[in-house]
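S.K.: I have a structure here, written as structure tokens, and I will follow up with some questions on it.
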Amino acid sequence: MLSGKMMEPQDDIEEDDSPSASAPPSSSPSPSSSPPPRALPRQRTSLQKSSVCSRSYFMVVMVFFHVYIINVIALLLYVHYNNGSNAISANRDFTSSDSSSHKVTGASDAQATADSGFPRNMFLPRIEGIRVGHVQKVSLVSGKVHEMKTLSLKPLLFEIPDFLSEEECAVVVRLAQLKGLMESQVMVPEGQEELDQQLNLSPEEIFNFLDLNQDGQLQPHEILTHSRVRDGIWLTSENLKEIYDGLKADLDGNGLLSLEEFGRLRSDAFQRFLLQRGVERSQLVRNSRHTWLYQGQGAHQVLQDLRKRVTLLTRLPSSLVELSEPLQVVRYEQGGHYHAHHDSGPVYPETACTHTRLAANTTSPFQTSCRYITVLFYLNNVQEGGETTFPVADNRTYEEASLIQNDVDLLDTRKHCDKGNLRVKPVKGTAVFWYNYLSDGRGWVGEQDEYSLHGGCVVTQGTKWVANNWINVDPDYQRQARYQLLVSQQESQEQEEPNSDQHIEAHQDL
Ligand SMILES: [Ca+2]
Ligand SMILES: [Ca+2]
């Protein structure tokens, strides 16, 4: 439907997939089998009335009360001892070789070995934020100490000034210019039906999926939330009104779509309407140009250094960093923006990761880039605008539905960047990095951190250059391990018959 009907940024999979790019309705499991939790109607348990005065009732209540108290005490003891042993093992495994004062947690749980197949011998340390404003000293370059400041805890977000020198920034920009940049988002008016057909969803199923609050009507924000990012065109409430009028979609004029009204629309009706009317660059989800720079052996020294520094900064195993996507360099001209999105989508059991897909031997249509960490580098000072916004950072609660209100749309970085919770000003050489996923509590990748929502505010004056390093980790440990084994086997083969061109190509296509 909406998401199926419009275009998707051409290079969506490799360079940016927001949750909706691979998610609703396409990437989430078919609503009929296992809908995402939010689509489930709330169930309320009804209390049955009974005599509360009888003695037996009193006895039962007392027994339950005692069992409850005992359970709570047992739980507290368990948490207490568990934390203690974790802290010790994390210390042993990840700070022994550490000369800096980095705070790291969540690492090892030696018990977490081998579900099946590969033994669990790789763990992902996570840097502790301590509190907003906390500064940790980190040693990334010999003879220099960097300061890493915690900007938020939800998501876990850090800022490191002078991560790159002026010269390094200039080299990266120059290399990107030499390679040439391409449009970050291109209109692709065809081929959008595929996933919907693959999933074989009926209009009712799609309707139910979109109807977040399950009231039998589609409110504008329910449509906007799911249509925008995947469709590539940034709809506003005003656009939606215009489309409803143009298509005579909202027959009773109440501003909502009922199942009947929804069912009358062609699945690509919105897309056709907008394309006929014409779409400008400023109406796209993102308005920028970018390129990719390989960082492995043979690459410019600055690019290799940068990757090593990222490994030190994130403290992840170097094999993970080396097998991740190449450096993406992005240029925003005046008027450029990137509306708020997640760098990587939620992961359901059926979801495949782009980077391990081949090794995973899966045909799942659900796919996301599994970018565990984003490291963003500012390569120049922007004259005006171009901040990175984290609209819900450190919010007490996150509610997807409340992001789009009638008057303020927190996802819109052209109109409402100033309404978000946190904005980072681009300063040449500064790096920021954050975790797009939580920990699973066993030293590996857990659920998506929805608070990692972020976007690029519109550049009101000047040009903005940034670069991104994403660290790709498959939340399925076995798939990640199989993938790494496959790559290392390939590498040893290539060493036997040296024809390394192919290998470099493979990296660039990741
Ligand atoms: Ca609704
Ligand atoms: Ca209506």
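The values are calculated or read from the model by the stated rules, or taken from the named source; none is laboratory data. Model, not experiment: these values are computed from the prediction. Note that each Cβ is placed from the backbone with ideal geometry, even for glycine, and that neighbours are counted across all protein chains shown.
S.K.: Step by step: first the residues of segment 196-215, then only those that are of a type in the set (S, T, N, Q) and modelled with pLDDT of 90 or more, then the one that is nearest to ligand 1 (Cβ to nearest atom). Which residue is that? Give the derivation first.
M.R.: Residues of segment 196-215 of a type in the set (S, T, N, Q): 197-198, 200, 202, 208, 213-214.
So of that shortlist, the ones also modelled with pLDDT of 90 or more come out as 208, 213-214.
Values: Asn208: 10, Asn213: 5, Gln214: 7 Å.
This residue is Asn213.
S.K.: So, one more: Cβ contacts < 7 Å: first residue within 14 Å of Ser402 (Cα to Cα) and surrounded by fewer than 23 Cβ atoms within 10 Å (Cβ to Cβ), restricted to segment 219-230; second residue modelled with pLDDT under 90 and among the aromatic types (Phe, Trp, Tyr), any location; separation 6+ or different chain. Result?
M.R.: none
S.K.: Is it the case that Arg272 is more than 16 Å from ligand 2 (Cβ to nearest atom), at pLDDT below 90 and within 23 Å of Glu222 (Cα to Cα)?
M.R.: On the way: more than 16 Å from ligand 2 (Cβ to nearest atom): yes; at pLDDT below 90: yes; within 23 Å of Glu222 (Cα to Cα): yes.
The answer is yes for Arg272.
S.K.: Show the residue pairs meeting these rules: Cβ distance below 7 Å; 6+ apart or different chains; first residue within segment 470-483 and assigned by TED's automatic domain parsing to the domain that holds Tyr294; second residue surrounded by fewer than 22 Cβ atoms within 10 Å (Cβ to Cβ) and assigned to a strand (DSSP E or B).
M.R.: Here the result reads Trp470/Thr374, each pair linking segment 470-483 to a residue that is surrounded by fewer than 22 Cβ atoms within 10 Å (Cβ to Cβ) and assigned to a strand (DSSP E or B).
S.K.: Do any residues in segment 238-265 that are within 10 Å of Ile223 (Cβ to Cβ) and more than 15 Å from ligand 1 (Cβ to nearest atom) have Cβ atoms under 9 Å from those of residues that are aromatic (Phe, Trp, Tyr) and not in a loop (DSSP other than H, G, I, E, B), where the two are at least six apart or on different chains, and which pairs are they?
M.R.: Ile243/Phe270; Ile243/Phe273
S.K.: Search segment 223-244 for residues being among the charged types (D, E, K, R) and at pLDDT 90 or above, and hand back the single one that is farthest from ligand 2 (Cβ to nearest atom).
M.R.: Keep residues of segment 223-244 that are among the charged types (D, E, K, R), which gives 228, 230-231, 238, 241-242.
Now drop any that are not at pLDDT 90 or above, which leaves 241-242.
Numbers: Lys241: 12, Glu242: 16 Å.
If we take residues in segment 223-244 being among the charged types (D, E, K, R) and at pLDDT 90 or above, then Glu242 is farthest from ligand 2 (Cβ to nearest atom).
S.K.: Of everything in segment 382-416 that's touching a Leu at 6+ places or on another chain (Cβ under 9 Å) and among the hydrophobic types (A, V, I, L, M, F, W, C), which residue is farthest from Tyr332 (Cα to Cα)?
M.R.: In the first step, residues of segment 382-416 are kept if they are touching a Leu at 6+ places or on another chain (Cβ under 9 Å); the result is 388-394, 398, 400-404, 409-411, 416.
If we keep only those that are among the hydrophobic types (A, V, I, L, M, F, W, C) too, we end up with 390, 392-393, 401, 403-404, 410-411.
Details: Phe390: 18, Val392: 23, Ala393: 24, Ala401: 29, Leu403: 25, Ile404: 25, Leu410: 21, Leu411: 18 Å.
Selected residue: Ala401.
S.K.: Examine segment 216-235 for a residue that is away from ligand 1 (no atom under 15 Å from the Cβ), hydroxyl-bearing (Ser, Thr, Tyr) and within 24 Å of the chain's Cα centre (by Cα), and state whether such a residue exists. Lay out the reasoning, then the answer.
M.R.: Filtering segment 216-235 down to residues away from ligand 1 (no atom under 15 Å from the Cβ) leaves 228-235.
From the residues that got through so far, the ones that are hydroxyl-bearing (Ser, Thr, Tyr) too are none.
There is no residue in segment 216-235 that is away from ligand 1 (no atom under 15 Å from the Cβ), hydroxyl-bearing (Ser, Thr, Tyr) and within 24 Å of the chain's Cα centre (by Cα).
S.K.: State whether one or more residues within segment 445-462 are at pLDDT 90 or above and over 27 Å from the mean Cα position of the chain (by Cα). Lay out the reasoning, then the answer.
M.R.: As a first pass, look at segment 445-462 and keep what is at pLDDT 90 or above: 445-462.
Cutting the leftovers down to over 27 Å from the mean Cα position of the chain (by Cα) gives us 461-462.
Taking every residue of segment 445-462 in turn, at least one turns out to be at pLDDT 90 or above and over 27 Å from the mean Cα position of the chain (by Cα).
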